[in-house]
1. Restricted to region 40-55, and to residues that are part of a loop (DSSP other than H, G, I, E, B) and not hydrophobic (A, V, I, L, M, F, W, C), which residue is modelled with the lowest pLDDT?
2. I'm trying to understand the selection: among the residues of region 526-559, which are over 27 Å from V60 (Cβ atoms) and modelled with pLDDT of 95 or more?
3. Return yes or no: is L392 surrounded by fewer than 18 Cβ atoms within 10 Å (Cβ to Cβ), more than 25 Å from the chain's Cα centre (by Cα) and not aromatic (F, W, Y)?
4. Quick check on my filter: what residues within region 626-666 are of a type in the set (S, T, N, Q) and not in a strand (DSSP E or B)?
5. Restricting attention to region 328-387, and to residues there that are not basic (K, R) and not in a strand (DSSP E or B), which single residue is farthest from G307 (Cα to Cα)?
6. List, please: which pairs have Cβ atoms under 9 Å, are six or more places apart or on different chains, and start with a residue in region 93-113 that is in a strand (DSSP E or B) and end with one that is among the hydroxyl-bearing types (S, T, Y) and at pLDDT below 95?
7. Of the residues G101, G150, G129, G163, which is out of contact with any Ser or Thr (no Cβ under 6 Å at 6 or more places or on another chain), on the phi > 0 side of the Ramachandran plot and either crowded, with 24+ Cβ neighbours inside 10 Å or acidic (D, E) (or both)?
8. Starting from residues that are at positive phi and surrounded by 14 or more Cβ atoms within 10 Å (Cβ to Cβ), keep the ones in region 463-513 and report whichever is modelled with the lowest pLDDT.
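The values are calculated or read from the model by the stated rules, or taken from the named source; none is laboratory data. Model, not experiment: these values are computed from the prediction. Here the Cβ positions follow ideal geometry from the backbone for every residue, glycine too, while neighbour counts run over all protein chains shown.
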Amino acid sequence: MNLRAPILLLALANSAAHGAQAAEPSAADLTQLSLEQLLDVRVYTASRFSQKGSDAPSSVSVITAADIKTYGYRTLADILRSVRGMYVTYDRVYDYIGVRGFARPGDYNSRALVMVDGYRINDPVYDTGSIGSELVLDVDLIERVEIVRGPSSSVYGSNAFFGVVNVITKSAQDLNGAEISAEAASHGTWKARASFGHRFAGGLEAVVSATGFDSRGPSLAFPEFDDPATGNGVTRGTDYERRSSVFAKFSYAGLTLEAGHSSRNKGVPTGYTGTVFNDARNRIVDTQTFTSLGYYRTTDSGAELSGRLYYGRYEYAGDYLYDAPPVTLNKDLALGEWWGAEVKLVKTVFRNHKLVMGGDFQKNRHQDQTNFDQAPFASYLDDRRSSRRTGLYAQDEYALRDDWLLNAGLRYDTYSTIGGAFNPRFALIHKMSQSTVVKLLYGTAFRAPNAYESFYAYPGQQIGNPALRPEKIKTWEAVLERYLPGNWRLTAAGYSYKVDGLISQVPVADPASGGVLLQYQNLGNVNARGVEFEAEHSSRSGARLRASFTAQVARDDAGARLSNSPKHLAKLNYSTPLFGDRLRAGVELQYTGRRITTFGETGGFLMTNLTLLGARLKPGLELSASVYNLFDRKYADPVAFDVGVPQRDTIRQDGRSFRFKLTYRF
């Protein structure tokens with residue numbers, strides 16, 4: 001059976017992005033800018049062209065490579081945990097994004113679009129946007145991450161439901177030579193990486209990198225298995241993880257070729273759905289491959305032309321051991337394979353209109369799902385499908401006056417499975433003064449039902465639903481950005497959204513057995529509203545502060561609060577140089593409020609992480625030491641309701657852990 005199944009309640013654009021980066025400060029430089037200068041830092045993701053962050057038709061956050069080092073972030077999930085209004089849930093296999101009070105247990109990040117250099121990595125089977133250790137890219141290769149809040153289907157189509165996360169990789173100039181890195185961490189964990197980046201005399205830029213990772217994993221206690229027959233609920237050696245990845249990027253004369261491959265073997269220690277507890281043969285293997293060829297050029301008239309051809313492949317293989325009897329190994333497999341093309345034109349016309357127009361096509365060659373027992377052989381599912389989608393979009397950034405911008409965009413998507421969908425976005429931006437910006441935003445988005453929700457079936461447990469309709473969302477938002485003397489930046493945002501036709505998994509009667517099956521259905525609406533506040537400060541001494549607070553509430557048609565939706569989030573990031581600039585200390589505090597689960601609720605908790613970074617101890621040498629969950633806080637995350645025995649709806653998270661890292665450049 002699929003651990004993804006037993007859930008209840010639930011290019012050229014790349015080249016254009018690279019071209020926009022060329023004029024940007026490096027990640028290290030960004031930490032030295034005053035907050036007034038940060039007003040002019042350019043972002044790419046919100047509109048698919050480079051623009052000032054203050055002009056973007058969304059609320060945008062940027063996390064840099066310097067932030068990643070300063071706070072010891074190990075995965076994209078760690079990065080997103082630090083961002084205003086976002087939270088992450090972990091079930092000891094995958095990490096799941098929560099945005100503005102919405103994170104359905106068991107949703108595989110299908111409501112956020114995740115990209116690498118503008119390339120969509122959400123697969124065509126589960127629509128998963130990977131953010132954990134299964135991400136195809138090593139976090140050390142990230143130059144910055146742009147997080148765009150709010151619906152963005154007007155330029156990106158499906159999955160850009162609550163936001164877009166664009167991971168922008170380091171260039172040859174960022175690496176500027178060879179780099180080796182080694183890490184040792186708690187629970188028998190190690191990681192090694194070798195990277196090289198260089199700009200050759202003829203103009204060719206090259207980046208190549210390879211990473212290996214191995215972890216024994218912690219010993220875990222599960223009170224629900226507290227029985228002598230199951231080792232009194234303690235499992236050892238089953239939370240293991242082994243992964244490897246390679247990445248390469250070559251740029252020359254407007255062409256960019258990019259490719260990546262990763263494979264992760266992750267133990268499943270939780271005994272989900274009645275699998276044999278404390279057996280290391282329960283595991284999941286995720287394999288991802290992509291390649292992208294993009295072209296970018298600027299014409300004599302100033303128009304920007306870009307295009308991209310791409311190919312992607314995702315393989316999921318789950319091994320689940322059941323005590324039938326006899327002891328039986330169940331194999332659950334999925335294959336997603338796709339290719340596509342994109343074209344885009346950006347041009348300023350009539351002096352004060354900046355137009356972006358484009359289209360994309362994607363062919364999903366394989367959306368295959370298979371399930372069978374290995375011995376004795378028994379087949380339960382063999383579903384093989386293909387599909388295609390096409391999208392056309394246009395956006396106009398109209399400068400009404402020097403202090404007023406009107407941004408209007410519209411996209412039409414058509415799917416071979418569900419038909420078509422229009423999605424607009426509007427933004428009215430007023431620069432009240434040199435230091436104050438107000439944004440009024442409205443947009444809609446949709447999410448097409450994926451192959452897993454529509455067609456996955458397992459006898460006696462789950463049935464498909466080919467009649468699923470797309471989910472839709474409408475969002476209204478107001479944003480105020482204020483820059484104060486002394487390098488202070490204040491942000492306040494208020495939002496309201498409504499989701500129609502929410503896709504969730506519900507129990508339905510099984511007429512054959514009289515029991516209960518699970519099925520994805522379009523249910524009622526979700527209404528949410530919230531406010532976000534953030535303050536950032538940069539001192540002359542080099543200290544930096546970022547603090548945020550979020551209050552939010554999301555309810556269903558009956559007025560009940562959604563599960564896994566904290567009312568309050570609070571975050572603080574503070575870093576300061578020590579001993580001149582030889583060391584830097586970064587401390588991070590993250591508070592997550594109480595969350596409702598299927599059976600009850602989880603308590604709120606405060607997480608503290610600490611990192612000491614020595615970047616200037618010796619030329620080329622960088623050392624860091626990190627402590628995660630510094631005060632060994634005990635807490636649990638809500639997870640997808642487990643239909644196995646024993647039943648549960650939360651998973652305990654890691655206690656205190658350590659990491660030591662050495663990087664040498666030459």
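1. In the first step, residues of region 40-55 are kept if they are part of a loop (DSSP other than H, G, I, E, B); the result is 40-41, 44-50.
Next cut, not hydrophobic (A, V, I, L, M, F, W, C) only: 40, 44-45, 47-48, 50.
Numbers: D40: 66, Y44: 94, T45: 95, S47: 94, R48: 94, S50: 92.
Ranking the candidates gives D40 first.
2. The one that is over 27 Å from V60 (Cβ atoms) and modelled with pLDDT of 95 or more: R555.
3. Here the answer is no, as L392 does not meet what is asked.
4. The initial filter retains those residues of region 626-666 that are of a type in the set (S, T, N, Q), namely 626, 629, 647, 650, 653, 657, 663.
Those that are of a type in the set (S, T, N, Q) and not in a strand (DSSP E or B): N629, Q647, Q653.
5. Taking region 328-387 as the starting set, the residues that turn out to be not basic (K, R) are 328-330, 332-343, 345-346, 348-350, 352-353, 355-362, 364, 366-383, 386-387.
Checking the rest, the ones that are also not in a strand (DSSP E or B) come to 350, 352, 374-377, 386.
Values: F350: 25, N352: 25, Q374: 45, A375: 49, P376: 50, F377: 47, S386: 24 Å.
So, considering only residues that are not basic (K, R) and not in a strand (DSSP E or B), the one farthest from G307 (Cα to Cα) is P376.
6. Pairs that qualify, where the first residue is in a strand (DSSP E or B) and the partner is among the hydroxyl-bearing types (S, T, Y) and at pLDDT below 95, are Y96/Y108.
7. Details: G101 fails: out of contact with any Ser or Thr (no Cβ under 6 Å at 6 or more places or on another chain); G150 fails: out of contact with any Ser or Thr (no Cβ under 6 Å at 6 or more places or on another chain); G129 fails: on the phi > 0 side of the Ramachandran plot.
Within the list G101, G150, G129, G163, the selection yields G163.
8. Pass one, region 463-513, residues at positive phi: 486-487, 501.
The next check asks that each one be surrounded by 14 or more Cβ atoms within 10 Å (Cβ to Cβ); those that pass are 487, 501.
Working: N487: 90, G501: 95.
The selected residue is N487.
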